[in-house]
Amino acid sequence: MTQLASNALSVSAESVRELVEASDLLASQSIEKALEAGHLLIAAKAECRHGEWLPFLKRAGVGERKAQRLMKLSASGLKPSAVSGFGGIRGALEFLTRRAKAARHFDEALASVLSGGYGTAELEAALLLEDEMIEMFPEEKRGPLRRHRPEHDVTSILKRIAQIKTDEPEAA
């Protein structure tokens with residue numbers, strides 16, 4: 001390699017490094033600004049009287065759906081680093097949606113079992129969603145999140161719920 005090529009590569013590498021660092025900084029700032037905007041939107045919505053919310057959003061230049069997403073993200077309590085870890089705002093919102101669905105399925109399973117049903121389908125759906133959420137994490141962080149033997153989880157969880165149900169005192 002000639003000296004010229006080496007110098008050109010050196011300059012190119014430095015330029016790439018600077019651009020990547022700037023890009024990372026802007027991405028981080030974007031997440032922080034989105035979270036801050038969400039907090040402000042939550043506060044503003046609480047202040048709005050009936051019929052004022054949509055005009056407020058129009059004045060702010062924010063669409064209703066975008067406002068909902070920003071508020072959902074902010075209300076989640078996720079830190080900017082967590083949002084970044086999910087691949088950004090879109091990934092974090094997808095995680096939150098899956099987490100909410102899994103929680104609903106777990107609640108439905110518990111309600112079914114407590115009312116005398118089995119709740120197996122709801123529980124299996126919740127566990128599947130949980131697996132999908134785990135897949136959203138970087139590979140090195142997935143291990144501790146995984147269940148040891150998924151095929152036994154439904155059975156063991158239902159047995160535990162049944163045990164809790166039989167341990168409850170009879171209603172007077």
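Structure notes:
- Of all residues in region 73-103, those satisfying the criterion of being basic (K, R) and within 19 Å of L123 (Cα to Cα) are R98, R99, K101.
- Any hit, region 42-57, residues being outside the structural domain of M133 (by TED's automatic domain parsing), out of contact with any Phe, Trp or Tyr (no Cβ under 6 Å at 6 or more places or on another chain) and closer than 30 Å to A126 by Cβ: yes
One line per residue, one yes/no per condition, for (1) touching a residue at least 40 places away in the same chain (Cβ under 8 Å); (2) more than 24 Å from M133 (Cα to Cα); (3) surrounded by 10 or more Cβ atoms within 10 Å (Cβ to Cβ); (4) of a type outside the set (S, T, Y):
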{"site": "L19", "(1), (2), (3), (4)": "no, yes, yes, yes"}
{"site": "D24", "(1), (2), (3), (4)": "no, yes, yes, yes"}
{"site": "H50", "(1), (2), (3), (4)": "no, yes, no, yes"}
{"site": "K66", "(1), (2), (3), (4)": "no, no, yes, yes"}
{"site": "L70", "(1), (2), (3), (4)": "no, no, yes, yes"}
{"site": "G77", "(1), (2), (3), (4)": "no, no, no, yes"}
{"site": "A92", "(1), (2), (3), (4)": "no, no, yes, yes"}
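Quick grid of which residues meet (1) in the same structural domain as S28 (by TED's automatic domain parsing); (2) buried (at least 19 other Cβ atoms within 10 Å of the Cβ); (3) of a type in the set (S, T, N, Q):
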| position | (1), (2), (3) |
| --- | --- |
| A82 | no, no, no |
| T97 | no, no, yes |
| A102 | no, yes, no |
| S112 | no, no, yes |
| S115 | no, no, yes |
| L128 | no, no, no |
| I134 | no, no, no |
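The values are calculated or read from the model by the stated rules, or taken from the named source; none is laboratory data. What you see is a predicted model; the values in this text were computed from it and never measured. Don't worry about glycine lacking a Cβ; one is built from the backbone with ideal geometry, like all the others, and counts go over all protein chains shown.
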